Amino acid sequence: MAESDGKELTMSRAMVDAIAHEMRESDDVFVMGEDIADYGGIFDSTQGLLDEFDHDRIMDVPISETAFIGAAVGAAQQGMRPIAELMFVDFFGVAMDQIYNQMAKNTYMSGGSVNVPMVLMTAVGGTYNDAAQHSQTLYGTFAHLPGMKVVVPSTAYDAKGLMHAAIRDDDPVVFMFHKRLMGIGWMPAPEGPKTPVPDEDYTIEFGEADVKREGDDVTVITLGLHVHRAMEAAKELADEGEVDAEVIDLRTLVPLDTETIVESVSKTGRLVVVDEDYHSFGVSGEIIARAAEGGLSDLDAVERVTMPDVPIPYARPLEQEVNPGTEDIADAIRSVNDE
């Protein structure tokens, strides 16, 4: 189904449409989390669902991530399909036993006698001055730990298709949405995440990256907010006649579309990886390793554009300094193209 079909929606609205459809189709689907009922989610991730489904299926919970994520795991093992919202991904620490030792492992630990078909939905990313405990992405933390699928949409179209797929999946899925892309009035989104979205349901298969822009000179691989910053950088460079960059949106980290990565790098010979997660021991290094393993002889130049290994600052100028911007990406593309 073409992305040009349908009406334009914000990413938050597209996610809500997918959740509502799945809830109408099955009474086993429900949502639980902090401020997701009467408030509609602080990033509009559940806005309007309470009006249709009431508090029995859109459940506000006490501020105890350990308790409600554990409850979601239990409900999933009993055959339901819960969606549990972890308000900020930074809060994973207080519930990591439930997430990694229960949600991710129980199918394996039970010898396959139980599945855990649940979605852990969580907000990621900075750029709005909420400091070190509310501004991380932490994609790599979850992708590193086996047993969970990890989804990171960058557009409304992808968000809806990936949410349908996540709810229907028989394995646990971590659905990581960037706050800046949701289309909230008080935190304007860049151009790009608001897209036409079909009214009917559709799924996007996990493990299929999307080539957002084709190019011959440099491969730029990224996800989330930085898909749009990379597209801006690629357009600037193309308009200046400097570099023809190919931009790839990973869309999912687990499973990871290694084939598309290797195919693109084999064509261009130059790679820039852009990631709002931390520089060390994360997604950027993994992407470069996959590219090298798949086509080392074709890889002439590599550069990473990432968040440095520091707590994210509260002060706006400092946060803007550490968070990779469009010009940082453009400079990295120029740098590898010159090598």
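Just the protein heavy atoms count here, and of the accessible area of segment 233-282 at 1.4 Å, carbon and sulfur take up 49 percent. For the pair F281 and R24, the difference between a 0.36 nm per residue extended length and the Cα-Cα distance amounts to 88.4 nm.
The alpha carbon centroids of segment 18-47 and segment 261-339 are separated by 35 Å.
As a calculated quantity, the FRET efficiency between E321 and E205 at R0 = 35 Å, using C-beta atoms, amounts to about 0.40. Put a plus charge on the Cβ of each Lys and Arg, a minus charge on the Cβ of each Asp and Glu, and nothing anywhere else: the dipole of segment 1-112 about its Cα centre is then about 480 debye.
Simple spin-label estimate for E339 and D54 gives 6.1 nm between the two label positions (7 Å along the Cα-to-Cβ direction from each Cα).
Comparing mean-square fluctuations of D171, D27, D298 from a GNM of the chain with C-alpha springs under 10 Å, the top value falls on D27. For segment 192-310, what class follows from the C-alpha gyration tensor (a ≥ b ≥ c being the square roots of its eigenvalues): rounded when a/c is under 1.5, otherwise prolate if a/b is larger than b/c, else oblate? It comes out rounded by the Cα gyration axes. About its Cα centre, the chain has a charge dipole of approximately 740 debye under the convention of +1 per Lys or Arg Cβ and -1 per Asp or Glu Cβ, with nothing else charged.
Quick one: Cα centre-to-centre distance for segment 179-239 and segment 152-175, in angstrom? Result: 15 Å between the Cα centres. Element breakdown for segment 99-182 at a 1.4 angstrom probe: carbon and sulfur atoms account for 49% of the accessible area.
Estimated from the Cβ-Cβ distance and a Förster radius of 45 angstrom, the FRET efficiency linking N115 and D38 is about 0.90. When only alpha carbons of segment 280-322 are considered, Rg and Dmax amount to 14.4, 44 Å.
Subtracting the Cα-Cα distance of N129 and V94 from 0.36 nm times their residue separation leaves 10.3 nm of extension gain.
Close Lys pairs in the chain (alpha-carbon distance under 22 Å; sequence gap of 8 or more, or different chains): 17.
The values are calculated or read from the model by the stated rules, or taken from the named source; none is laboratory data. Just so we're clear, the structure is a prediction, and the values are computed from it rather than from any experiment. Neighbour counts are summed over all protein chains in view; Cβ atoms, including those assigned to glycine, are modelled from backbone coordinates with ideal geometry. To get the accessible areas, we keep the full protein, side chains included, count just its heavy atoms, and leave off ligands, DNA and RNA. Shrake-Rupley method; radii C 1.70, N 1.55, O 1.52, S 1.80 Å.
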